[in-house]
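These notes concern the structure reproduced below.
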Amino acid sequence: AAAASLMLRDEAQREIFMVIDVGAGTTDFGVFLLQNNPDKDICLTRIIPGTIEYLPEAGNRVDDLLKFYVLDLEGIDPGSVEGRHNKTYLDSRIRFYKETLFRDGVVEVTLANHTRVVVDRDDFLKSTRVQSFAQRLRDKLEMVLGAVGEGFLDLLARSDLKVVLTGGGASLPMVSDLAKGVVEIKGRKIMRKPTPMVPAWIEETYPQFSQQYPQLAVAIGGAAPSLPEQGASFAD
């Protein structure tokens with residue numbers, strides 16, 4: 001439901017695509033084969049076995065990482081009484097600070113003692129904890145692709161892998177990076193290409209939902225005028 005509106009075209013197609021759904025607590029992965037032939041009224045998606053996986057980290061993890069980063073800048077031990085107090089103090093505002101940081105490139109964070117800490121987006125993304133989280137996302141993506149059958153991998157090596165990013169954390173930089181560049185799996189070099197964040201039918205017919213679409217992709221996608229049926233899976 002989240003991906004079909006972004007993948008389906010009017011012409012015949014046979015493509016493999018990966019859905020990465022970044023919510024608050026988990027990042028969910030799945031790889032699918034799409035077979036679409038409007039002339040023959042065929043529209044099927046097939047789950048590629050072994051590729052439905054999740055990482056128990058997502059948007060909330062970035063919130064936590066930003067708290068730790070702010071405390072590090074101020075030289076506050078996160079495990080101290082002062083550190084725990086500030087983490088609790090930031091709970092209600094950290095989502096706003098995170099959104100401002102990634103939108104504007106810089107944000108000023110106020111701590112419990114009214115100290116103001118300026119955070120730069122590029123410096124935050126280079127920090128050790130954030131780099132480690134980004135690496136775990138990349139490792140999970142490679143593990144999921146490693147479960148794909150040899151024949152499917154051959155198809156991907158000749159074409160490319162369409163990557164559908166959805167969920168509230170879809171626009172985070174470390175998530176956007178998952179849909180770009182070449183990854184080597186079992187000797188095949190596979191090019192990843194991102195799909196648009198918002199389907200054309202939303203942009204054209206319901207533009208008022210464009211900004212919220214990634215967060216509501218499953219609900220809106222499920223209400224799309226046409227959805228593919230789920231066909232039987234096969235390993236290769």
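Give just the number: which of (1) under 30 Å from LYS126 (Cβ atoms); (2) buried (at least 21 other Cβ atoms within 10 Å of the Cβ); (3) among the hydroxyl-bearing types (Ser, Thr, Tyr) does SER5 not satisfy?
Every listed condition holds for SER5 apart from (1).
Among the residues of the range 22-58, write down those that are open to solvent by 50 Å² or more (accessible area, probe 1.4 Å), among the acidic types (Asp, Glu) and in a loop (DSSP other than H, G, I, E, B).
Hit for the range 22-58 is ASP41, nothing else.
Could you give me the residue pairs with C-beta distances under 6 Å whose first residue belongs to the range 129-145 and is at pLDDT 95 or above, whose second residue is not in a helix (DSSP H, G or I) wherever it lies, and which are 6+ apart or on separate chains?
Pairs that qualify, where the first residue is at pLDDT 95 or above and the partner is not in a helix (DSSP H, G or I), are LYS140/LEU55; VAL144/PHE29; VAL144/THR51; VAL144/GLU53; LEU145/ILE185.
In the range 171-209, what residues are assigned to a loop (DSSP other than H, G, I, E, B), over 13 Å from the mean Cα position of the chain (by Cα) and not aromatic (Phe, Trp, Tyr)? Outline the logic, then answer.
Initial filter on the range 171-209 (assigned to a loop (DSSP other than H, G, I, E, B)): 171-172, 180-181, 186-187, 195-199, 206.
Then drop every residue that is not over 13 Å from the mean Cα position of the chain (by Cα), which leaves 181, 186-187, 198-199, 206.
Of everything in the range 171-209, those that are assigned to a loop (DSSP other than H, G, I, E, B), over 13 Å from the mean Cα position of the chain (by Cα) and not aromatic (Phe, Trp, Tyr) turn out to be GLY181, LYS186, GLY187, VAL198, PRO199.
Within the range 63-76, identify whether any single residue is in a loop (DSSP other than H, G, I, E, B), surrounded by fewer than 18 Cβ atoms within 10 Å (Cβ to Cβ) and not small (Gly, Ala, Ser), and answer yes or no.
Filtering the range 63-76 down to residues in a loop (DSSP other than H, G, I, E, B) leaves 75-76.
Right, trim to surrounded by fewer than 18 Cβ atoms within 10 Å (Cβ to Cβ) and you get 75.
Checking which are not small (Gly, Ala, Ser) leaves us with none.
The answer is no, given that none of the residues of the range 63-76 is in a loop (DSSP other than H, G, I, E, B), surrounded by fewer than 18 Cβ atoms within 10 Å (Cβ to Cβ) and not small (Gly, Ala, Ser).
Check LYS180, LYS189, LYS193 and return the single one that is within 27 Å of LEU65 (Cβ to Cβ), surrounded by fewer than 18 Cβ atoms within 10 Å (Cβ to Cβ) and touching a residue at least 12 places away in the same chain (Cβ under 8 Å). Before the answer, list the steps.
Numbers: LYS189 fails: within 27 Å of LEU65 (Cβ to Cβ); LYS193 fails: within 27 Å of LEU65 (Cβ to Cβ).
Testing whether each residue is within 27 Å of LEU65 (Cβ to Cβ), surrounded by fewer than 18 Cβ atoms within 10 Å (Cβ to Cβ) and touching a residue at least 12 places away in the same chain (Cβ under 8 Å) leaves just LYS180.
Give me a count of the residues in the range 4-34 that are more than 20 Å from VAL175 (Cα to Cα) and out of contact with any Pro (no Cβ under 8 Å at 6 or more places or on another chain).
The qualifying residues number 5.
Report every pair of residues separated by at least 6 positions or lying on different chains whose Cβ atoms are under 7 Å apart, first residue within the range 223-236 and in a loop (DSSP other than H, G, I, E, B), second modelled with pLDDT of 75 or more and of a type in the set (Ser, Thr, Tyr).
Close Cβ pairs satisfying both conditions: PRO228/THR45; GLY231/THR45.
Any idea which residue in the range 199-218 is most open to solvent (accessible area, probe 1.4 Å), counting only those that are touching a residue at least 24 places away in the same chain (Cβ under 8 Å) and among the aliphatic types (A, V, I, L, M)? Show your work before the answer.
First, the residues of the range 199-218 that are touching a residue at least 24 places away in the same chain (Cβ under 8 Å): 199, 201-202, 214-215, 217-218.
Those left that are additionally among the aliphatic types (A, V, I, L, M): 202, 217-218.
Numbers: ILE202: 1, ALA217: 1, VAL218: 89 Å².
Filtering first and then ranking leaves VAL218.
So how many residues does the range 112-170 have that are in contact with a helix residue (DSSP H, G or I) (Cβ under 7 Å, 6 or more places away or on another chain), within 22 Å of ASP72 (Cβ to Cβ) and assigned to a helix (DSSP H, G or I)?
8
The values are calculated or read from the model by the stated rules, or taken from the named source; none is laboratory data. All values reported here derive from a predicted model rather than from experimental measurement. Ideal geometry is used to build each Cβ from the backbone, glycine not excepted, and the neighbour counts take in all protein chains shown. We work out accessible area using only protein heavy atoms, side chains counted, and drop any ligands, DNA or RNA first. Shrake-Rupley method; radii C 1.70, N 1.55, O 1.52, S 1.80 Å.
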